[in-house]
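Here the structure comes first, spelled out in structure tokens, and everything after it is commentary.
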Amino acid sequence: MEGRLTRRAVVHGLALIILVVLPPLADAAGEPFLTTVASRILIYAIAAVSLDVILGYGGMVSFGHAAFFGIGAYTVGILMHHAFDGTVIPFLPWDWTGSVSAFVQFPLAILVSGLFALVIGALSLRTQGVYFIMITLAFAQMLYYFMISLPTYGGEDGLNLWERSSLPPLDLYDEWQFYYLTLVLLLLFLALMQRLVNSRFGMVIRGCKQNEARMKALGFATYRYKLAAFTIAGMGAGLAGALAANHTEFVGPDMMHWTRSGEIMIMVILGGMGTLYGPVLGAATLLLMEEVLQQITEHWMVVLGPFLVFVVLFARRGVYGWLVGKATDDD
Amino acid sequence: MTRTPEVPLLEVVDLSKSYGAVVASDNLSFAVRPGEIHALIGPNGAGKTTAIGQISGEIRPSAGRVRFQGRDITRLPTHKRAQLGLKRSYQITSLFPEFTAEDNVALAVQAQQGHSFRFWTRARRDAALRAPATQVLERIGLADKAKLKVTELAHGEQRQLELAMALASEPSLLLLDEPMAGMGQSESRAMMDLLRPLKGQIGILLVEHDMDVVFALADRVSVLVKGALLMTGTPQQVRDDPEVRRAYLGDED
């Protein structure tokens, strides 16, 4: 496959070029807010790719993925909140007044979401099929209501962040710099996941999706592998959440609402389940449709619905499959 | 390691399983010796597949014990039994349809090589997986189909692949549930040619309907009727037994 100009390589190359030149292009066109929109797309792309690792590759239909997105966002929000109040974070064994540094916030957001995913996954993965869908949904809704009932962090109204994370030498207030940071993180995440799904570990979770009973008969302790994948996916969503908190300078319980989980899932399905780059396209498609159609009608979902049905019926590998054609080894 | 005939490879003791009022296994006891092909026969509904399921760990017995190499495995989960060397193949083809034939076998090889928490190296370019997989595919006669997806293989080839996976996982006991199901004459003869040289190398518990196959391959035969063991003996003894004739052959037509 290497060295040849396949349709896939062309699509990937073009996409990368568009992503790289987008901010200057937006400015030149006199529409600098497009960079902000694009940043939002990239953030959701990270979340969607992380969901696809367990949904498309592992066959785990998690309907609570926004929970980890929200936890990542709240981790940043809470650290920021305490850093500005000068108050101590409750329930910690030592006195800590948070941090405004991204070097602290982002890794911690990833870690905390990963821990939650580990616990939620450990319980949810004991079930299968519809029960798994329902239990992941239930856990996410639990966290949603928990944050609503927590007045310290704004309850239903959420938390407004005083400022964006500090990440010297970058200035995250600069929309360009924020955009390119998000792009680099997305590309890094994609590269890591590309290794993952094609590794021995990846073959195991893909095997579990196709025939878990047979995996067990071969001697694989499938539960452990699925749990590890679930945790990794939660960490990815946590990173996306940390970026989203900075992007909107706000964290709120709505970030964990089940409709948000649904949106992320729609991105995966639209873009192409079980393809690594599809969810990026899916995030772009959904958010751009929202952006454009919302200006025409507030009932933009009326258009989204039939479109989604169309994609599911006629493009089994989503928008991505429609663009690059037949599946190859590496998708 | 000394294997005396007194220590059976697999020992099933008083195995019982009932689904409500239906008794699928009724105080079942038999043993498989190391290296022998042991056939499990009986009319439809005799509980052969249920017995296999309990031995492989997919079905939990109501009572009784399963011992493997002298070790009690009654409560071990399927994947632990598999790790000990007890592998099964399925009556209904059970493969990984999105993968190629080679991927399928490589996954069976991978299961033998310790944990799979390896996130970096590409599994499809890993010679430690692909070389043994290719070897087994060659032995089974599927080498030219290695890059085809399972869904592109003919039924008989899928059955062969099923056996290839079982062999690639280096079992000491192989549970074969109707390996020739749905095969044509020549395919099933080819399958017999693949199974025969395994005699003496690994123990095989074979569920099979075709009596010609059973009598040609098996060292010993156990006859099940309505979940209970009627007798165990050499093919000759079983063939000559009047009770077997009545219970088994009589029921057939």
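The values are calculated or read from the model by the stated rules, or taken from the named source; none is laboratory data. All figures in this text were calculated on a predicted structure; none of them were measured in a lab. Quick reminder, even Gly has a Cβ in these numbers, built from the backbone with ideal geometry, and neighbours come from all protein chains shown. SASA here: full protein model, heavy atoms, side chains in, ligands and nucleic acids out. Shrake-Rupley method; radii C 1.70, N 1.55, O 1.52, S 1.80 Å.
Over segment A:7-324, the ratio between the Cα radius of gyration and 2.2 N^0.38 Å evaluates to 0.98. Summarised in one figure, the compactness ratio Rg/Rh of the protein assembly as shown, Cα atoms and Kirkwood Rh, is 1.08. Qualifying trypsin sites (Lys or Arg not before Pro) in segment B:5-82, where qualification requires a DSSP coil assignment and no more than 13 other C-beta atoms within 10 Å, comprise B:ARG75.
For segment B:104-133, a decrease in accessible area of 40 Å² or greater in the assembled protein chains relative to the isolated chain, with a 1.4 Å probe, applies to B:LEU107, B:GLN110, B:ALA111, B:SER116, B:PHE117, B:ARG118, B:PHE119, B:TRP120, B:ARG122, B:ALA123, B:ARG124. Once you reduce segment B:150-205 and segment A:111-165 to the center of their Cα atoms, the two points are 48 Å from each other.
Just the number, please: carbon plus sulfur as a percent of the accessible area of segment A:7-324, 1.4 Å probe, no ligands or DNA/RNA counted.
Details: 9390 of 13330 Å².
Whole-percent figure for carbon plus sulfur exposure: 70.
Axis of helix B:101-112 versus longest Cα principal axis of chain B: the two differ by about 70°, to the nearest ten degrees.
Could you work out how far helix B:155-168 tilts from the main Cα principal axis of chain B, as a 0 to 90 degree angle to the nearest 10? The helix B:155-168 is inclined about 80 degrees to chain B. In segment B:66-84, burial by the other protein chains removes 40 Å² or more of 1.4 Å probe accessible surface, compared with the chain on its own, from B:HIS79. For segment B:165-183, state which residues have at least 10 Å² less accessible area in the presence of all protein chains than in their chain by itself, taking the probe as 1.4 Å and leaving out ligands, DNA and RNA. So the qualifying set is B:MET165.
Shown in residue order for segment B:232-247 are the 3J(HN,Hα) couplings computed by the Karplus curve 6.51 cos²θ - 1.76 cosθ + 1.60 at θ = phi - 60°: 10, x, 5, x, 4, 4, 5, 5, 8, 6, x, 5, 4, 4, 5, 5 Hz (x for Gly and Pro). 3J(HN,Hα) couplings calculated from phi for segment B:136-145 with the Karplus curve 6.51 cos²θ - 1.76 cosθ + 1.60 (θ = phi - 60°) are, in sequence order, 5, 4, 5, 4, 8, x, 10, 4, 6, 9 Hz; Gly and Pro show x.
Screening chain A for whole DSSP H helices of 15 Å or more along their axis (Cα) with average Kyte-Doolittle hydropathy at least 0.0 returns A:7-28, A:33-52, A:65-85, A:102-124, A:130-148, A:175-198, A:222-248, A:258-271, A:278-296, A:301-314. Looking at segment B:134-253, the accessible area is 46 square angstrom per residue; that uses a 1.4 Å probe and ignores ligands, DNA and RNA. A:ILE296 contributes about 130 Å² of solvent-accessible surface, heavy atoms of the protein only, 1.4 Å probe. Counting only lysines at least 8 places from B:LYS147 when in the same chain, those with an alpha carbon closer than 22 Å to its own are A:LYS209, A:LYS326. The solvent-accessible area of B:GLU98, taken with every protein chain present and a 1.4 Å probe, is close to 100 Å².
Excluding the site residues themselves, the longest part of chain A lacking any chymotrypsin sites (Phe, Trp or Tyr not before Pro) in a DSSP loop with at most 13 other Cβ atoms within 10 Å is A:174-331.
When A and B come together, around 3200 square angstrom of accessible surface is lost from both chains combined, probe 1.4 Å. Reported to the nearest whole Å, the Cα centre-to-centre distance from segment A:287-322 to segment A:166-211 is 25. Of the residues A:VAL312, A:VAL280, A:VAL100, the one that moves most in a GNM of chain A with alpha-carbon contacts below 10 Å is A:VAL312.
Altogether, the Stokes-Einstein calculation at 4 °C and 1.567 mPa s, with the Kirkwood radius of chain B over Cα pairs as Rh, returns a diffusion coefficient of 69 µm²/s.
Averaged over its residues, chain A has an accessible area of 44 Å² per residue, based on protein heavy atoms and a 1.4 Å probe.
Only protein atoms count toward the accessible area here, which uses a 1.4 Å probe; on chain B, the carbon and sulfur part of that area reaches 50 percent. Between the amide H of B:GLY64 and those of B:SER16, distances stay under 5 Å, these residues lying 5 or more places away or on another chain, with hydrogens modeled in the peptide plane.
For B:LEU9, the residues 5 or more places off, or on other chains, whose built amide H falls under 5 Å of its own are B:VAL32, B:ARG33.
For the residue pairs B:LYS48/B:LYS199; B:LYS149/B:LYS226; B:LYS48/B:LYS145; A:LYS226/B:LYS199; B:LYS17/B:LYS145; B:LYS149/B:LYS199, the alpha carbons lie more than 29 Å apart in B:LYS149/B:LYS226; B:LYS48/B:LYS145; A:LYS226/B:LYS199; B:LYS17/B:LYS145; B:LYS149/B:LYS199. The figure for B:MET211 is an accessible area of roughly 40 square angstrom, using a 1.4 Å probe on the protein chains alone.
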